[in-house]
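Encoded as structure tokens, the structure appears first; notes follow it.
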Amino acid sequence: MDIQTSQVVRPPSPMESLERQLSCPICLDMFTKPVVILPCQHNLCRGCASDLYDSRNPYHYSGGIFRCPTCRFEVVLDRHGVYGLQRNLLVENIIDLYKAQQEKGGESVGGGSPEPPMKDKDTKEAKCKEHEDERINIYCVTCQTPTCSMCKVFGQHKDCEVTTLESVYQTQKAELRNAVEMLAAGNSCVQAVMAQLDDMSKSIQENGELQKRHLSESFDLLYAILEERKGQLVEKISQEEEEKVQVIRSLVEQHKVHLEASNQLKERASKSLELGGAAEFLVSAKELMSQAKEVARGAQVQRPEPGYESMDHLVVNTEDVEVLLAQMDFGVNDDDVESEEDE
């Protein structure tokens, strides 16, 4: 008895107690199959577990963590998420038995006094379209449709094979239940495949970034080699250019010296020609003629050979390398792999 209200409190029936045991702590309704069992041995509807997991893992990373709403135990999930949790087939079978008892209005699962049938008094039974006063109470196996007794006796189903509605109902209900379970199992497989594909997509992206880095490093190495070789060849051209310029400048200096000596001799000879006395002229004329002949012979200074200024021989033929670079593509044979590993 409740002391405050002075009312007699009826203890819960076994069926009510069982229903509370079969209630989900999240949605507060009876478990909706499939039912999953957590490592702490508490049960959840898979849908409720999925909602709880999504609320803790909004970015849908592979794996995750959430807490059991009953005992706060920390549940660690693998990359399959809630679909990696084990189904509690025992609880699902108990729910089926409970619902069957509720439909039949029989005794509770734990025994005891029978519960009254849970039927809505306002619920109208289905009537036959051909015989409006007759309720549909049999099933035509031949035509695969529910019908009434009058149709079997006098109507279009009189030559057909019939059976009770309840037997067909239970059979098709079990078949539909199996189909739903197959769909759930198929969905679990699809979810697992999706998780694998997600992991594969991430691996592809990671491998793509890795190969991009390797490709950039390879081309950077080629650039470095080309720059180094370019510097070497430019230095060689500069060296030959400097050597040839030095030779030309040396020849120019020789010509300057010769020209200066020739001009000086020319001035001396001109002055000698202006002297009035024959004796004085003859004294210097012989030496001047000797020096003039010597300077004239020195005018034949060595000159560079024709084409000496050309640098055409310092040309690099890059056609073969250009073709090779243009044909560069992916593909490594076993020998290349072994040589890279040895390096």
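Across region 140-160, the qualifying residues are those that are under 60 Å from the mean Cα position of the chain (by Cα) and at negative phi, and the one among them that is surrounded by the most Cβ atoms within 10 Å (Cβ to Cβ) is Thr147.
Condition check for Ser201 on (1) surrounded by fewer than 12 Cβ atoms within 10 Å (Cβ to Cβ); (2) modelled with pLDDT under 80: one failure, at (2). Please determine whether any residue of region 148-158 is modelled with pLDDT of 85 or more, outside the structural domain of Val35 (by TED's automatic domain parsing), hydroxyl-bearing (Ser, Thr, Tyr) and farther than 24 Å from Val36 by Cβ. No, there is no match, as no residue in region 148-158 is modelled with pLDDT of 85 or more, outside the structural domain of Val35 (by TED's automatic domain parsing), hydroxyl-bearing (Ser, Thr, Tyr) and farther than 24 Å from Val36 by Cβ.
Here is a yes/no grid of residues against (1) closer than 30 Å to Gly84 by Cα; (2) of a type in the set (D, E, K, R); (3) assigned by TED's automatic domain parsing to the domain that holds Gly47:
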residue: Asp133; (1), (2), (3): no, yes, no
residue: Thr163; (1), (2), (3): no, no, no
residue: Glu175; (1), (2), (3): yes, yes, no
residue: Val180; (1), (2), (3): yes, no, no
residue: Ala185; (1), (2), (3): yes, no, no
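Can you pull out every residue in region 237-266 that is closer than 20 Å to Leu314 by Cβ and free of Cβ contacts under 8 Å to residues at least 12 places away in the same chain? Answer for region 237-266, where residues must be closer than 20 Å to Leu314 by Cβ and free of Cβ contacts under 8 Å to residues at least 12 places away in the same chain: Ser238, Gln239, Glu242, Glu243, Val245, Gln246.
Met328 passes every criterion in (1) modelled with pLDDT under 85; (2) in a loop (DSSP other than H, G, I, E, B) apart from (1). Val190 passes every criterion in (1) over 30 Å from Asn88 (Cα atoms); (2) of a type outside the set (Lys, Arg); (3) modelled with pLDDT of 90 or more apart from (1).
The values are calculated or read from the model by the stated rules, or taken from the named source; none is laboratory data. Everything numeric here is computed off the predicted structure, so don't read it as measured data. Heads up, the Cβs are rebuilt from the backbone with ideal geometry, glycines too, and the neighbour counts pull from every protein chain shown.
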